[in-house]
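The values are calculated or read from the model by the stated rules, or taken from the named source; none is laboratory data. Here the structure is a predicted model, which is why all the values come from computation and not from measurement. A quick note on method: Cβ atoms are made from the backbone with ideal geometry, for glycine too, and the neighbour counts reach across all protein chains shown.
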Amino acid sequence: MIAEKMKPLLQNNSAIREMFEEGKRLAKIYGAENVYDFSLGNPNVPAPPEVDAAIRGILDEEESTFVHGYMSNSGYEDVREAIAQSLNARFGTAFHQGNILMTVGAASGMNVLFKTIINPGDEVIAFAPYFLEYGNYVRNYDGKLVVVPPNTADFQPDMKAFEALVGGKTKAVIINTPNNPTGVVYSDATLTAIAGVLTRKQQELGTDIVLVSDEPYRELAYDGVEVPYVTKYYANTVVCYSYSKSLSLPGERIGYLVIPDELKDSESVFAAATIANRVLGCVNAPSLMQRVVMRCLNAKANVAAYDRNRNLLYSALKEYGFNCIKPQGAFYLFVQSPEADEKAFCAVCKKHNILVVPGSSFACPGYVRISYCVSYEQIERSLPAFKAVAEEYGL
């Protein structure tokens, strides 16, 4: 009964989601306050007050049949223009509504893009560690994911290994900065190098390669770190954006694609992506949330709350003897396992009611991801358990 393409997905169900479900099971046994679930990137920080105000205002001020009705498959024109102008003001770009396609979050946007550009057998490159669903998105359209091995020294991409993997079948390259799971922000030098490789390879191979920038964590950066805007580096760039993290709206599934005029055949790509949005079954991004985000373009993520969590957890784990780099953005710590088999380390953590995700779920074994977008109080309560784990390993 089950399609052959779905069987591997069923067998390899997301470890992140499995941990999340395990957390709910343990909470029933030990009490939620005694289970320290760091598995899911589900923001504990409330949405900015502008969001609730926008929802109420829209329902009071805008015509119901308009708010809840169909619109262009690419989204409301005024919403798209407002987003374009907001990006222009922030990043010095020159976008217009014809560059913005509203999507059901960044994940749906990436699927829309891949349906638009991938032919069977095309290759898409990702830098490990990466969000493992990328492989599923590529395989949805009979493409092949090619993985650049991780550079565990600083988790900036290994440019030599990357260049060696770009070939005649390369159709796209995915970057994710700030990065899930490491929290690393790709530097100006890194983005310049990636753009240089792709420009050279396009000329050498006579092909067009799309740089796909997955940016749900763009607004979550610390210590004054700048997150460069990628379209300035390379013409054939498409941006996938989501409001899930910046406005704490993961359940609302609202985001957009930026398809710049500089992209090869941009008008045709935009038209095809609009059709892909429809035929994938999304039809259009949620109408109410499109109206909401237009009113919240100047709302700010509560970066200070995540930063407070980051500093507490990072400092404590380093004190206990764990090895990890301090994240520059997003809301994850990527911690080296005290033993080679990080899944065994996850099992030891679980004995102490700590739930973390193995690095093999991000194509980087030997590490675990700890999501600190939880309450500050949960982190405080978890510290004795982390210390007990460290002592068990003799750190």
Suppose we filter 215, 226 for residues that are of a type in the set (D, E, K, R) and over 24 Å from residue 118 (Cα atoms); which single one remains?
226
Any residue that is among the hydroxyl-bearing types (Ser, Thr, Tyr), under 22 Å from residue 365 (Cβ atoms) and either surrounded by fewer than 22 Cβ atoms within 10 Å (Cβ to Cβ) or touching a residue at least 40 places away in the same chain (Cβ under 8 Å) (or both) - is there at least one of those in the stretch 144-165?
yes
Within the stretch 314-334, how many residues are out of contact with any strand residue (DSSP E or B) (no Cβ under 9 Å at 6 or more places or on another chain) and not small (Gly, Ala, Ser)?
2
Inspect all residues belonging to the stretch 57-72 and state whether any of them is under 13 Å from residue 297 (Cα atoms), hydrophobic (A, V, I, L, M, F, W, C) and either touching a residue at least 12 places away in the same chain (Cβ under 8 Å) or surrounded by fewer than 17 Cβ atoms within 10 Å (Cβ to Cβ) (or both).
no
Just for the stretch 75-95: of the residues that are aromatic (Phe, Trp, Tyr) and either in contact with a strand residue (DSSP E or B) (Cβ under 9 Å, 6 or more places away or on another chain) or under 16 Å from residue 283 (Cα atoms) (or both), which one is surrounded by the fewest Cβ atoms within 10 Å (Cβ to Cβ)?
76
Being assigned to a helix (DSSP H, G or I), under 29 Å from residue 127 (Cα atoms) and at pLDDT 95 or above narrows it down to one residue among 334, 345; which is it?
345
For the stretch 246-255, state whether one or more residues are assigned by TED's automatic domain parsing to the domain that holds residue 60, closer than 23 Å to residue 182 by Cβ and among the hydroxyl-bearing types (Ser, Thr, Tyr).
yes
Among the residues of the stretch 61-90 satisfying the criterion of being acidic (Asp, Glu) and in a loop (DSSP other than H, G, I, E, B), which is nearest to the chain's Cα centre (by Cα)?
62
Selection within the stretch 361-377 - assigned to a helix (DSSP H, G or I) and buried (at least 18 other Cβ atoms within 10 Å of the Cβ)
361, 362
Criterion (surrounded by fewer than 21 Cβ atoms within 10 Å (Cβ to Cβ) and outside any helix (DSSP H, G or I)) met by exactly one of 262, 319, 267, 252:
262
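Conditions tested, residue by residue: (1) within 16 Å of residue 293 (Cβ to Cβ); (2) of a type outside the set (Ser, Thr, Tyr); (3) in the same structural domain as residue 230 (by TED's automatic domain parsing).
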residue: 62; (1), (2), (3): yes, yes, yes
residue: 65; (1), (2), (3): no, no, yes
residue: 70; (1), (2), (3): no, no, yes
residue: 76; (1), (2), (3): yes, no, yes
residue: 85; (1), (2), (3): yes, yes, yes
residue: 90; (1), (2), (3): yes, yes, yes
residue: 95; (1), (2), (3): yes, yes, yes
residue: 98; (1), (2), (3): no, yes, yes
Counting only residues that are of a type in the set (Asp, Glu) and in contact (Cβ under 8 Å) with a residue 24 or more places away in the chain, which one in the stretch 28-56 is farthest from residue 79 (Cα to Cα)?
33
Would you be able to tell me the number of residues in the stretch 96-114 that are part of a helix (DSSP H, G or I), surrounded by fewer than 22 Cβ atoms within 10 Å (Cβ to Cβ) and not small (Gly, Ala, Ser)?
1
